[in-house]
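The values are calculated or read from the model by the stated rules, or taken from the named source; none is laboratory data. Everything numeric here is computed off the predicted structure, so don't read it as measured data. In this analysis, Cβ positions are derived from the backbone assuming ideal geometry, glycine residues included, and neighbour counts consider all displayed protein chains. Keep in mind that these areas ignore ligands, DNA and RNA; they rest on the heavy atoms of the full protein, side chains included. Shrake-Rupley method; radii C 1.70, N 1.55, O 1.52, S 1.80 Å.
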Amino acid sequence: MDEAFWQRRWARNEIGFHLNEVNPYLRRHWPSLGLAPGARVLVPLCGKSLDMAWLADQGLAVLGVELSERAAEDFFAEHGLVPDVSVQGEFKVYRAGNVEIRCGDFFAMTPDDVADCRALYDRAALIALPSDMRQRYVNHLASILAPGAADHIGLPAGADVRPAVRGRRC
């Protein structure tokens, strides 16, 4: 993944991948996962997705991970939130309400960072990565997610990391 490429895209507001609505498949299918109120959801490469606000509105805690600080700042500004900003290890952390966005390299996330995540929501991170990085992404998820988190997963159509994650964690 070319960090400079993504930073330029955000700086130039070249974010055609950003949806100006909540993903309709998320609305339709997420409730069937049956997560308890307050459960934490990992959202890799989250951008400023409206899906995070929707998840938070469902009573879930959201942990987004994003390279671009601009994306995190835009997310909170567009939702009228003033985040607390801190530094945790390699990440600049923005937090307000039920949403936390860690700005930095997703591959620097550790099992401790996501220990309390009970679900994964990947709207387009897997498919946004170059094809040669996708297996690394899946392997990293497998190495950091707690057993059972892959049972509560939302992915783009046709993408499924569950077998790889289960095979590594169970």
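What FRET efficiency do you get for S131 and V87 if R0 is 30 Å and r is their Cβ-Cβ distance, rounded to the nearest 0.05?
On the way: r = 33 Å, r/R0 = 1.10.
Approximately 0.35, to the nearest 0.05.
Positive contributions from Lys and Arg (+1) and negative ones from Asp and Glu (-1), summed over other residues with Cβ under 13 Å from the Cβ of A77, come out at -2.
Within segment 29-89, all pairs of alpha-carbon atoms sorted by distance into 10 Å bins from zero give the percentages 20, 53, 24, 3. Computed with a 1.4 Å probe on the full set of protein chains, the accessible area for E66 sits at about 10 Å². Between N139 and A77, the contour length at 0.36 nm per residue exceeds the Cα-Cα span by 19.0 nm.
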